[in-house]
Amino acid sequence: MKSKLRILALAAGLATAMHAAAYEPSKPECIAPAKPGGGFDLTCRIVSNGFKNADLLSTPMAVTFMPGGVGAVAYNYINANRRDDGNALVAFSSGSLLNIAQGKFGKDLDENDARWVGAAGVDYGAVIVSADAPWNTLAELVAAVKADPTKYVLGAGGGVGSQDWMKAAILMKSSGVDPKTMRYVPYEGGGEAIAALMGDHIQIYPGDVGEMVGQLEAGKLKMLAVMAPERLEGEFADIPTAKEQGFDAEWTILRGYYLGPDVSDEAYNYWAGQFDKAYANDAFLSTVNEKGLIPFKMSGEKFDSYVKSRVGYMRDLAKEAGLIK
Amino acid sequence: MDVFNHLATGFGVAFLPLNLLLVLLGCFIGTLIGSLPGIGPINGVAILLPLAYALGLPPESALILLAGVYYGAEYGGRISSILLNVPGDAGAIMTTLDGYPLSRKGEGGRALALSAISSFTGSMGALLLMVVCAPVLSQFAVKFGPSEYVWLMIFAFTCLATMVGSRPVKTLVGVLIGLVLATVGVDSGSGVLRFTMGIPNFFDGVDFLVVVIGMFAISEIFVLLESWARNDLGVSPLGKSFVTVADLLAVKWVVFRSTIMGFLIGVLPGTGASIASAVAYGTEKRFAEDENEHFGEGDIRGLAAPEAANNASAVGAMVPMLTLGIPGSGTTAILLGALMMFNITPGPLLFEQRPDIAWGLIASMFVGNIALLVMNLPMIGIFVRLLSIRQAYLVPVIAMLTFVGIYSIHGDSFDLFFMVLLGVVGFLLRKLHFSLAPVILGLVLGEVLEVNLRRALSISGGDWSILLDGPITYVMAAATVVAVIAPSLMRSIKMRKLLAKANEVED
Amino acid sequence: MYDRILAGILLVLSGLIVWSALQFDVPFQYEPLGPKAFPIILSILLSIVSVWLIIKPDANNWHPTADIMKKLFAGLVLMVVYAALFKGAGFILATFIVGGAFSWLFGETPKRAALFALVMSVISYFLLTSLLQLNVPSGTWWAGVF
């Protein structure tokens, strides 16, 4: 019933949006729930610079920072103080969604406490090893790990229950190894994990495609598979997907924005409409690419339900892994 | 030689009028930002990053500006440490230990000049090391694994064991309080939330800067209030002291050792200026058990060591960032982000593909450091005058700056309340003759120790023998053993010398 | 005596740490220590040194007079008020009130303290926001008013 109402409201909103720009944010703002220079900062820059480049903003958009708990602090803040403020887009990533799925954003908050409004872009997981590692395909690597799961160490930028750990766990599960028996080392972010890979403290790094831009060229690392549904374009076009190598291991890193839970439909539809315009604009799309992401064109109610289904999927994964009951 | 050609290219870039102007500007802003309590290099770089981007500067110029702010702030942090006992940033905590007593004695000018020269020497020495052996060092940095970090932390704790404080047991309590604070937040290994009491602001742990500023700056305000109520706001004698050649000769080896230590610690990812200065201070104190040793009461060696080390570590942190694309500290992580914004990927290819950026930056750091020294020495007279400002004006300014600085980290009032609470705790601890530096160091070192110990055990699958595996661990373990027995060894050598002398006299 | 009180508090604290560490719900861990061991070891050490401190405390040499306590308490109240006002009332107003009160607390005449606080808060607001580009609150309570 509620969703039907929403659809009706959406239709009504669209109608108004078509007639005239009924809503215009007075002080558009993007809240990056991290310190400056981090991933969320880039996500916010995509909307603030991308919209500017695509001429979608009459007032420049400010970027403010609210670090803490992969977005938990910002989520709580929005829910406590700015539930209906249509000015503030907040950046999130699938790392935030994973924490929401595990109830780590606070006991009373879940994915229904925000209005998910638009995507910035996506990135995909990647299986990365040192350039002098003996394996050249995912199958060779999996065979070696299967023979002795304690011999090779996986390491990535987060602990149990984090996005990076999920990638490792999915990879192991798809090759028939119990994720609980793998050797896994958590680092503080991808940079430290790459250093550990170069120093041979770990042998396998389930990282992201985006952070490997330029690194492969240097010849110290090689990428055995991308964890994407299909092959990527450009620099990574030669790298086969895990799926085509026979392993059902996929991980999409989604980056996007949400608004407060009580934001009016006018404001919500305004932003959704702006995203639709941006997705059709080359200046915006090239900003997305510059920040190391692949464009992902989804906004409004469709995006909202997509995000909620992702959280549901993650909750199932977390249950299966024994992270939550 | 190759290096000289590269450096020549670099100086060509650094001496462009725009870049010269930017490096001077960056150093000046950095010194200013560093000297304000609560606002450190991270804020400085983060503040100027969007500005540099908006100004449309070419990438090498933007990087030169931001790097200038970074090491300028490392320079400026000492000023309020020495004069007000309030560290300007995290790397300057150890500077309060001997710097403030000096300025209480009316030797503020001497302390400021000496620390400026130590900082300068530390940076220049580290820069030379960087130019000569950056590629080797980046290899060293990646070979430094979890076990090696564990030993580094144990070594640091050993050096700190005899640190300041009225009684060893109180130092120990302080360290433990810091260590406990370090466990708050999401556990990096298991993802379990520890001691957060359900407060999301604690999910990422207790913010280091909030603890530093709360315990030092806020508690200092309480100390000033008490002195005022007792009517003994003993205004420190101003004095016209300045550093002497004898001072410089006395600390030359201290500075030399601290520069190397600071640089190496800076090169390691995850350890920065605060650890570097603590290890340098601890080591110097540990090995300087002579009759003139009065660390903690205004020993110039206790001032020179952390200052040389924190500046050297700021340079060292650039090595893994430039050569591997891995940040060596929080601030370089932001610099790295800045490079990415300009579509430049730091890493092994940076030196080959964009030598103008890599060498231009290095050359500009030489220029910047000279500029900092030249800027700072004549201004010492002005800085010292800070001491003659009446408390009725100084205290409101300190309060304002600390609140602004802490608020700007997260934009949340929660941190302000927490900072005040920590200020009360810090004040009470000080009244009970606890030194606060161990608390802070426990907080910094504890996290690195726990995380790396557990990483090492994850790699080995629970086998503790991984802690003694490989040449670096042997060396570090041996260094730790030496640090444990050194003081008693030194004493016995001294005794023997005295005995020998006594015998000679008898003969 | 104060040492003993502090040690007592620390003893209770270390007990609480152990108790709450034992409650951690750990799905699984890849090393023998896990998230519990470190805090528990620390609190055991903390309780040992606390007991030591209870047995051998330092002599008291802090004897605050009533006037000192009054001033310290006033300072604490001012800082709590500052923290409470900072975001809502905005930097300028909060700094004016608290800065003026501090200046007065340190012996300045009310008139001059107010003048100083006014000048300081206004000038530093513009310096901090324009020159340093810091995130200085302009006051959320007034957001609707202006």
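None of the figures in this text is laboratory data; all of them are computed from the coordinates on show. Everything numeric in this text was worked out from a predicted model, so none of it was measured. Note that we place each Cβ from the backbone using ideal geometry, even for glycine, and neighbour counts take in every protein chain shown.
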Please enumerate, by chain and number, the lysines with C-alpha under 19 Å from the C-alpha of A:Lys180, excluding those fewer than 8 residues away in the same chain.
A:Lys146, A:Lys151, A:Lys167, A:Lys319, A:Lys325, C:Lys36
Which log10 I(q)/I(0) values does chain A give at q = 0.06, 0.08, 0.10, 0.13 Å⁻¹ under the Debye formula, counting every alpha carbon as one identical point scatterer?
-0.21, -0.38, -0.59, -0.95
Tell me which of A:Leu97, A:Ala32, A:Gly121 sits at the most positive position along the dipole axis of the stretch A:18-134, charges placed on C-beta atoms (Lys, Arg +1; Asp, Glu -1).
A:Ala32
Give the residue from B:Val439, B:Val424, B:Trp359 lying farthest towards the positive end of the charge dipole for the stretch B:297-455; charges sit on Cβ (+1 for Lys and Arg, -1 for Asp and Glu) and the dipole is referred to the Cα centre.
B:Val424
Given the -39500 (n - 2.57) contribution per DSSP H run of 4+ residues, what per-residue ellipticity at 222 nm results for chain A, rounded to the nearest 500 deg cm²/dmol?
-12500 deg cm²/dmol
Note the angle between two axes, namely the Cα long axis of helix A:39-53 and the longest principal axis of the Cα atoms of chain A, as a number of degrees from 0 to 90, rounded to the nearest 10.
50
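Go through the stretch A:35-142 and name the trypsin sites (Lys or Arg not before Pro) that are in a DSSP coil and have 13 or fewer other Cβ atoms within 10 Å of their Cβ.
Working: sites: A:Arg45, A:Lys52, A:Arg82, A:Arg83, A:Lys104, A:Lys107, A:Arg115; in loops: A:Arg82, A:Arg83, A:Lys104, A:Lys107.
Of the trypsin sites (Lys or Arg not before Pro), the ones in loops of the stretch A:35-142 whose Cβ has at most 13 other Cβ atoms within 10 Å are A:Lys107.
Determine the sum of side-chain charges near C:Val26: Lys and Arg each +1, Asp and Glu each -1, restricted to other residues whose C-beta is under 11 angstrom from that of C:Val26.
Details: positive: B:Arg194, C:Lys36; negative: B:Asp187, C:Asp25.
Summing Lys/Arg as +1 and Asp/Glu as -1 gives 0.
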Excluding residues fewer than 8 places away in the same chain, name every one of the lysines whose C-alpha is closer than 21 Å to that of A:Lys297.
A:Lys52, A:Lys277, A:Lys308
In the P(r) worked out for the stretch A:124-245, what percent of Cα pairs fall beyond 18 Å?
45
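Run lengths n ≥ 4 of DSSP H only: what is the helix-derived mean residue ellipticity at 222 nm for chain C, with -39500 (n - 2.57) per run over all residues, to the nearest 500? Show your work: numbers first, answer last.
On the way: 5 runs with 99 residues, N = 146.
Roughly -23500 deg cm²/dmol at 222 nm, from the helical runs in chain C.
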Helix-only CD estimate at 222 nm, as mean residue ellipticity for chain B, using -39500 (n - 2.57) per DSSP H run (n ≥ 4):
-25000 deg cm²/dmol
Within 10 Å of each Cβ in peptide A:208-218, how many partner chain Cβ atoms are there on average? Round it to a whole number, please.
4
If the viscosity is 1.002 mPa s and the temperature 20 °C, what translational diffusion coefficient in µm²/s does Stokes-Einstein give for the protein assembly as shown when Rh comes from Kirkwood over Cα pairs?
73
Compare the Cα positions of B:Ser80, B:Ile64, B:Thr402 along the charge dipole of the stretch B:2-506 (+1 at Cβ of Lys, Arg; -1 at Cβ of Asp, Glu; about the Cα centre) and return the one farthest towards the positive end.
B:Ser80
Over all distinct alpha-carbon pairs, what is the Kirkwood Rh of the stretch B:2-506 in angstrom?
23.2
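Listed highest first by mean packing, meaning other Cβ atoms within 10 Å per residue, what order do C:30-40, B:3-13 come in? Mind dumping the intermediate values first?
Values: C:30-40: 20.2, B:3-13: 15.5.
Ranked by mean Cβ neighbours within 10 Å, highest first: C:30-40, B:3-13.
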Can you tell me, using C-alpha contacts under 8 Å and at least 6 residues apart, the relative contact order of chain A as a whole percent?
28
Sort by residue number and name the cysteines in the protein assembly as shown that have no neighbouring cysteine Cβ under 4.7 Å.
B:Cys27, B:Cys133, B:Cys159
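Loop-only check: which trypsin sites (Lys or Arg not before Pro) in the stretch A:141-219 are DSSP coil with at most 15 other Cβ within 10 angstrom?
Working: sites: A:Lys146, A:Lys151, A:Lys167, A:Lys173, A:Lys180, A:Arg183; in loops: A:Lys151.
Hits after loop and neighbour filter: A:Lys151.
Show me the ranking of peptides B:122-135, B:100-113 by mean Cβ neighbours inside 10 Å, starting with the highest.
Working: B:122-135: 20.6, B:100-113: 23.1.
Taking the mean over residues of other Cβ atoms within 10 Å, the ranking is B:100-113, B:122-135.
Cross-chain or 8 or more residues apart, Cα under 17 Å: how many lysine pairs in the stretch B:2-506 fit that? Count them up, please. List each step's numbers first, then the result.
On the way: B:Lys105/B:Lys240; B:Lys170/B:Lys431; B:Lys252/B:Lys285; B:Lys285/B:Lys494.
For the stretch B:2-506, qualifying lysine pairs total 4.
Pick out, in residue order, every one of the chymotrypsin sites (Phe, Trp or Tyr not before Pro) in the stretch A:218-325 that is DSSP loop and has at most 13 other C-beta atoms within 10 Å; say none if there are none.
Numbers: sites: A:Phe236, A:Phe247, A:Trp251, A:Tyr257, A:Tyr258, A:Tyr268, A:Tyr270, A:Trp271, A:Phe275, A:Tyr279, A:Phe284, A:Phe296, A:Phe303, A:Tyr306, A:Tyr313; in loops: A:Phe247, A:Trp251, A:Phe296.
Hits after loop and neighbour filter: nothing returned.
Ratio of Rg to Rh for chain C, alpha carbon only, Kirkwood? It would help to have the intermediate numbers written out before the result.
Working: Rg = 23.6 Å, Rh = 19.9 Å.
Answer for chain C: 1.18.
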For the stretch B:14-81 and the stretch B:86-104, compute the distance between their C-alpha centroids and round to whole Å.
22
In straight Cα distance, which aspartates and glutamates are under 17 Å from A:Lys27, not counting same-chain residues fewer than 8 positions off?
A:Asp55, A:Asp84, A:Asp85, A:Glu266
